[in-house]
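Following: one structure in structure tokens, then a few remarks.
The values are calculated or read from the model by the stated rules, or taken from the named source; none is laboratory data. What you see is a predicted model; the values in this text were computed from it and never measured. Cβ placement follows ideal geometry from the backbone for every residue including glycine, while neighbour counts extend to all protein chains displayed. The accessibility values were calculated without ligands, DNA or RNA, using every heavy atom of the protein model including side chains. Shrake-Rupley method; radii C 1.70, N 1.55, O 1.52, S 1.80 Å.
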Amino acid sequence: MPINDEIKKLREEIDRHNKLYHTEDNPEITDAEFDALYARLKKLEKKLGLIDSSPISKVGSKPSKNFEKHDHLKPMLSLSNVFNFEEFNKFEERINKRIINEEIIYSVEPKFDGIGISLTYENGNLVRAVTRGDGITGEVVTENVKTIDNIPRKIEQGAPQNIEIRGEIFFRLNDFEKINEQLEIDGSKKFVSPRNAAAGTLRNLDLVTVKQRPLDVFFYGLGGHSLDLNIQSQKEFLKFLEINDFPVNELVSFGSKEHARESVDQILGSRDSLSYEIDGAVIKVNDFNQQNKLGFVSKAPRWAIAWKFPASEKYSKVADVLFSVGRTGIVTPYATIEPVLISGANISNVTLHNLDEVKRLDIKVNDTVLVKRAGDVIPQITKVNAEVRDGSEKVVNIPEFCPSCGDPLKEEGPFLRCDVGMKCPAQLLGYFEHFVSRKAMNIDGLGTKINQHLIDLGYVKEVADLYKLRKFETELKSLEGFGEKSIDNLFDSIESTRSPELETFINALGMPEVGESTASALARHFKSFDTLRLAKYEDLMQIDSIGDVVARNILEFFESDPVGIDNLLQELNINDFVVSELSHLDGKRIVITGSFNEFSREEIKDIIKEKGGVPSSGVSPNTDFVILGENPGSKYKKAMELGIELVTEDKIKNFLKL
Ligand code: IVH
């Protein structure tokens, strides 16, 4: 079959299966079969340079579009914390002041360290999955959540008209490690923790990637619901969940205040043997009537509390203290330690930040140290155990010369600095890693190992050399550990970044203290790279988010030009920043209801998104417009009640400026 015909056929097939899977919940083929079709299409399209109208671009790899927003029926609250028995006692006393002469039973549950989710079932059918967001409004991530097999698509027994069921999405530790191993092989950045991986996966727009990662879930909370649900306590609710096959954690128990205290200890005791991370226990008043009597203070209920466990920490031994050179020339001390597993991550290097920290800890090689890691926080050495020193410890030598290029180092306050710039291989590597990273030019297939090779072999002496790598095609393909295919993919990936958006390029330049949001502000303000490059101090200071230090950094960066901008510009074609004349929709929340003759709802949604608007599914006081088709239903009524501006079909073109 000619390639073009095969592509056409594959696109239709994939569209059809996408629909069967996501809209109708009725897949005809297995995930593996779907992935094979997808891989074949991707390959053929790459060959012909076609991507635009393909289903592949719809599940494209770079998250750029926003998720739809949706208001929760009942807000998703947070919990107040206690850290010890005294604080728990106060919580319990406050409850007893408000509920007198009644027995109070508590539920005790693990506090899962994942991402909160709220599922809505209407007439028993799963219709929506929404993240917590700000507690009032979250993001609709239904498709991603549906990749989790053990989430029931239907409530078979006792389904009310509608119900919000809440739980926590997470990765098991072994799955998290596998994901990171794969990311490493792919040359992509690894996730710092299982929680971070779950957040990244839940909000990933590439469904193929999401499907490859086995997200998991426990349910524990009842949100808003219709009055035909008759459940009076947390115990009854968890029973309801179990009967309907929702995963509920097996460590949950019920009992008196004394029981609660013992259960917290038990949960803490089993923490290290669990296959997932928990960061505490949640204690809730079991009876819903009592919960209602107790009510809320600001954003947390009075009837529940999180008993937080201390951050995980373990002892290890310092094998060495070394110094690494970053892209800006700052030389940072770090300890290599005997590897320890803390909160799901295998830790063998711990930063020591700067010379002051080395002095403060009085750390020596061979010392026994306490390593702590809380959630997403990078590991820290919190204590040197000086009591167990046996005389084998060696003082840390502060280097006088750069460990990478050998030039003399300068001391700048608590920092050491090498100011050789890109001629220092470590700075070039650091810079190069930033330039190609996901948030910058987003070039797949460049992990630290290959980057190091490219620099060691002299193929990359400055960043612009990245775009001339084809010269070394034969040499690269014969490098051990890099297959022909992965080098071909790498070339494709590099080529696809030759016309970056202005803000992407500014961010990729890696000017000190200019991250994504400043890069975006600069792009909006100056519109073209040439204008930015010619900007004076006064011009830069006109931007609200830019102060004296950042303005000076930018000027100094262009002045010293550590990266060879002209050479880079020879290779790239940077898009100017275009302000859409239709930015009247920028950030506006728009609900679409009813059916239309001229457009499909999907089309309207896509146009809104293109123009910076946010299609939303529920009408709330935050809604800016409601686009009204035929037979609009209850959203129309609600919009009228709230006095929200309506756009009828005859006005759509005008409204969208089509
Ligand atoms: S109950 C009003 N139960 O912790 C009740 N939350 O810090 C609030 N969480 O947003 C939630 N395990 O994402 C509850 N067994 C559990 C939980 C739990 C984890 C999360 C949840 C919540 C956050 C509050």
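The calculated FRET efficiency for residue 560 paired with residue 293, based on their beta-carbon distance and R0 = 51 Å, is about 0.15.
Cα convex hull, segment 508-658: 145 Å³ per residue, rounded to a whole number. If you average the alpha carbon positions of segment 157-178 and of segment 401-427, how far apart do those two centres end up, in angstrom? Here the answer is 49 Å between Cα centres. Please report the orientation-averaged projected area of segment 199-241, defined via the convex hull of its C-alpha atoms, in nm². Over all viewing directions, segment 199-241 projects a mean Cα-hull area of 4.5 nm². Taking amide hydrogens as placed 1.01 Å from N in the peptide plane, the amide H of residue 352 sits under 5 Å from those of 334, 335, each at least 5 positions away in sequence or on another chain. Between residue 610 and residue 208, the contour length at 0.36 nm per residue exceeds the Cα-Cα span by 142.4 nm.
Within the chain, the ratio Rg/Rh, alpha carbon atoms throughout and Rh by Kirkwood, equals 0.98.
Convex hull volume of the C-alpha atoms in segment 65-123, normalised per residue: 189 Å³.
In this structure, residue 453 and residue 311 have a Cβ-Cβ separation that, at R0 = 60 Å, corresponds to a calculated FRET efficiency of about 0.95.
In this structure the amide hydrogen of residue 404, modeled in the peptide plane, comes within under 5 Å of no amide hydrogen from residues 5 or more places off or on another chain.
Treating r as the C-beta distance of residue 36 and residue 567 and R0 as 41 Å, the FRET efficiency rounds to 0.45. Over segment 266-366, the reciprocal of the mean inverse Cα-Cα separation, the Kirkwood hydrodynamic radius, stands at 17.5 Å.
Based on every Cα atom in segment 311-367, Rg and the maximum pairwise Cα distance Dmax equal 12.0, 33 Å.
If you sort the three axes of the alpha carbon gyration tensor as a ≥ b ≥ c, you get a/c of 1.5 or more for segment 373-472 and a/b above b/c, which makes it prolate. The heavy atoms of residue 457 offer some 80 square angstrom of accessible surface to a 1.4 angstrom probe. With each label modelled as a point 7 angstrom along the Cα→C-beta vector, the residue 538-residue 517 pair spans 2.9 nm.
Our estimate of slack between residue 184 and residue 77, defined as 0.36 nm per intervening residue step minus the Cα-Cα distance, is 34.9 nm. The tail of the calculated P(r) for segment 187-334 beyond 21 Å holds 65 percent of all Cα-Cα pairs. In terms of its alpha-carbon gyration tensor, segment 93-146 comes out prolate; a/c meets the 1.5 threshold, and the first ratio a/b outweighs b/c. Eigenvalues of the alpha-carbon gyration tensor of segment 405-457, scaled by 5 and square-rooted, set the equivalent ellipsoid semi-axes at 25, 14, 7 angstrom, largest first.
Counted over segment 518-658, the DSSP beta bridges are approximately 10% antiparallel.
The trypsin sites (Lys or Arg not before Pro) found in segment 470-565 that occupy coil by DSSP, while having at most 10 further C-beta atoms within 10 Å, are 536.
The separation of segment 505-554 from segment 581-611, counted between C-alpha centres, amounts to 32 Å. Around the amide H of residue 614, modelled in the peptide plane, lie the amide H atoms of 587, 588, 589, 590, all under 5 Å away and 5 or more residues distant in sequence or on another chain. Taking 0.36 nm per residue of separation and subtracting the Cα-Cα distance, what length does fully extending residue 275 through residue 496 add? So the extension gain works out to 75.6 nm. Of all lysines in the structure, those lying under 17 Å Cα to Cα from residue 461, and not within fewer than 8 positions of it along the same chain, are 423, 449, 471.
Restriction of the GluC sites (Glu not before Pro) in segment 133-213 to DSSP coil positions whose beta-carbon has at most 14 other beta-carbons within 10 angstrom yields 156.
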